Structure formats: C-alpha cells, structure tokens
Amino acid sequence: AAPAAGGSKGFNRRGPRGPPSKELQKDVNWMVENYDGERNLVMDDVTMQQLVCIINCRNTTVHIKNKVKSICIDGCEKVNVICQDVISAVELVNSDRCQMQAVGKVVAIAIDKCDGVNVFLSKESMNAEITASKSSEMN
C-alpha cells in the first residue's frame, strides 16, 4: 500500500510549497520559488551584483544567462541549473537529484545535505574548489 499523503519519508521536505514565483527583492536577491515541471525558466535580467536563490522547486531547469554574484539551490528535487560566470560560489543545500552545469567560470561549489548531485564544469571552472558534507551519490 502506498503511504498516506505527507507520510512518505522525506518527500514533502523538498519541492514546491506554494505558488511559483520569480521575484527580485531589494535589488540584490532573485528568489525563484515553488516551480514544478518548468523545463526552461530563463533568467536573462540578472546582474553580477545579484544572487539567485532557487528554493523548493521540482523537475525544473533554470538557465541563468548572465554573470551573477552567487547561486543558492535549497530544498529542491530534480532541478537543473545552467549558469554562466559566478563570482562567489554555488551552494546546493538540502536538495536531491539536482544538476549544476557551469558554462562560464565558477570558483567554488558547496554541497551540503544533498543526494544524487551531478556537477558539470566548463574548462574555465576545472580548478573550482568543491566542498561537500553530509552528501552522497555525487559526480
């Protein structure tokens, strides 16, 4: 028998928890939240002074077209992020089966409490510092 809604271990802790939104807060934080099944979410209006937070998304591909300060992926499942240059770091936290692809230069990647993360680096990012804790199934 299938578990009751909300009873499956870990399922409800990742993915959407409300209506989808993409919003710039205080001119520095792009909050991308609660998308499910969005296959081509393009962010071409970001700048290098801004950070992008992708929170509680599932089955979504986010394409960040410009250089940004940093990227944070939190509470997501099966999310793909394709990014250009990242000045500070890319952080993946509490997320499962996510992929991050650097097309430009990324200097640091932090992976914490994640399972099944794949990271694809461009030639310019091959010397990126990658740190991981409490994570498994990473490539």
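Can you give the FRET efficiency to the nearest 0.05 for Val93 and Lys65, using r as the Cβ-Cβ distance and R₀ = 25 Å? Between Val93 and Lys65 the formula returns 0.60. Net charge around Val46, counting only other residues with Cβ within less than 10 Å of its Cβ (Lys, Arg = +1; Asp, Glu = -1)? Local net charge: +1. Derived value for the range 8-98: Kirkwood hydrodynamic radius 12.9 Å. Basis is the mean of 1/r over every pair of different alpha-carbon atoms. Seen from Gly104, the other residues with C-beta closer than 15 Å to its C-beta sum to a net charge of +2, counting Lys and Arg as +1 and Asp and Glu as -1. In loop segments of the range 50-139 as defined by DSSP, the GluC sites (Glu not before Pro) with at most 11 further C-beta atoms inside 10 Å of their C-beta are Glu137.
Close amide H pairs (under 5 Å, H built 1.01 Å from N) link Lys105 with Asp85, Val86, residues at least 5 positions away or on another chain. What does the net charge come to around Ser122 if you take all other residues with beta carbon closer than 10 Å to its beta carbon, with K and R at +1 and D and E at -1? Local net charge: 0. Our coupling estimate for the range 120-136, obtained by passing each phi through the Karplus curve with A = 6.51, B = -1.76, C = 1.60 and θ = phi - 60°, is 10, 10, 6, 4, 5, 9, 4, 9, 4, 7, 10, 10, 9, 9, 6, 10, 9 Hz, Gly and Pro reported as x. For a straight C-alpha distance cut-off of 16 angstrom, the lysines reachable from Lys113 (same-chain residues fewer than eight places away being disregarded) are Lys9, Lys78, Lys134.
Peptides 79-89, 44-54 ranked from most to least packed, by the mean per-residue count of other Cβ atoms within 10 Å: 79-89, 44-54. Looking at the chain, the DSSP beta bridges with both ends there are about 10 percent antiparallel.
Starting from the Cα of Lys67, draw a straight line to each of the aspartates and glutamates and keep only those under 20 Å, dropping any in the same chain fewer than 8 residues away. Output for Lys67: Glu23, Asp27, Asp44, Asp45, Asp85, Glu91, Glu124, Glu129.
Among Ser95, Ser136, Ser122, sorting on how many other beta-carbon atoms sit within 10 Å of each Cβ, with the fewest leading, yields Ser136, Ser122, Ser95.
Just tell me the longest site-free run in the chain, where the sites are trypsin sites (Lys or Arg not before Pro) in a DSSP loop having at most 16 other beta-carbon atoms within 10 Å. After excluding every exposed loop site, the longest remaining stretch is 66-112.
Any read-out appearing in this document is the output of simple, stated calculations on the displayed coordinates, not a laboratory observation. Computed from a predicted model, the values in this text were never measured in an experiment. Cβ coordinates were reconstructed from backbone atoms using ideal geometry, including for glycine residues, and neighbour counts include every protein chain displayed.
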